[in-house]
1. If you check R6 against the conditions, is it charged (D, E, K, R) and in a helix (DSSP H, G or I)?
2. Within the stretch 75-108, can you find the residues that are exposed (fewer than 13 other Cβ atoms within 10 Å of the Cβ), in contact (Cβ under 8 Å) with a residue 12 or more places away in the chain and of a type outside the set (A, V, I, L, M, F, W, C)?
3. Those residues that are within 9 Å of the ligand (Cβ to nearest atom) and out of contact with any His (no Cβ under 7 Å at 6 or more places or on another chain), I need them from the stretch 98-110; list them, please.
4. If we scan the stretch 48-61, do we find a residue that is surrounded by 11 or more Cβ atoms within 10 Å (Cβ to Cβ) and in a loop (DSSP other than H, G, I, E, B)?
5. Hey, can you tell me all the residues within the stretch 81-97 that are among the small types (G, A, S) and within 13 Å of the ligand (Cβ to nearest atom)?
6. Please tell me if D72 is open to solvent by 80 Å² or more (accessible area, probe 1.4 Å), among the acidic types (D, E), assigned by TED's automatic domain parsing to the domain that holds S88 and within 16 Å of the ligand (Cβ to nearest atom).
7. Are any residues in the stretch 9-28 more than 17 Å from I39 (Cα to Cα) and of a type in the set (K, R), and if so, which ones?
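The values are calculated or read from the model by the stated rules, or taken from the named source; none is laboratory data. All values reported here derive from a predicted model rather than from experimental measurement. For neighbour counting, all protein chains shown are included, and Cβ atoms are generated from backbone atoms with ideal geometry for every residue, glycine included. SASA here: full protein model, heavy atoms, side chains in, ligands and nucleic acids out. Shrake-Rupley method; radii C 1.70, N 1.55, O 1.52, S 1.80 Å.
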Amino acid sequence: MSDLERVSLAIEKDLIERFDALIARDGKANRSEAIRDLIRARLIEEEVSAGRGETVASVTIVYDHQRRDLADRLLTAGHDHHKAVLASMHVHLDEVNCLEVVALRGKAKDVRHLAEHMIGMKGVKHGKLVLTTTQV
Ligand code: NI
């Protein structure tokens with residue numbers, strides 16, 4: 001590696017201890033490598049978000065299926081944006097919880113908007129958008 005710049009960071013003791021434990025678990029060589037990976041991931045995310053080209057993404061949400069209104073709203077969102085929805089997978093996790101993974105394609109701005117709409121629906125317990133691209 002060439003052109004390395006040394007930086008020093010001020011980080012709370014508790015935070016860096018937890019990070020070190022995570023690094024050890026993930027088998028990363030050291031803090032520097034782990035922090036470089038984090039920075040690269042964040043930059044890729046930013047570049048993908050800003051890109052004018054086509055983005056592909058997955059949205060993962062966990063919700064309570066007994067909330068029929070939520071299931072209906074998710075279904076409606078999918079139909080309203082059917083051109084952006086490539087596929088979806090529904091898993092009945094247990095008696096109550098459903099896992100839904102939706103693959104999306106389109107302009108980053110539109111994909112993010114739809115994903116945030118779904119994740120933000122009342123009754124969604126957890127949601128995560130992963131934006132990616134074939135252009136990296
Ligand atoms: Ni279900």
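1. Taking the combined requirement at face value, the residue does not satisfy it.
2. Listed by number, the residues that qualify are K83, H92.
3. L99
4. yes
5. The initial filter retains those residues of the stretch 81-97 that are among the small types (G, A, S), namely 84, 87-88.
Scanning the stretch 81-97 gives a single hit, S88.
6. It is true that D72 is open to solvent by 80 Å² or more (accessible area, probe 1.4 Å), among the acidic types (D, E), assigned by TED's automatic domain parsing to the domain that holds S88 and within 16 Å of the ligand (Cβ to nearest atom).
7. K13, R18, R25
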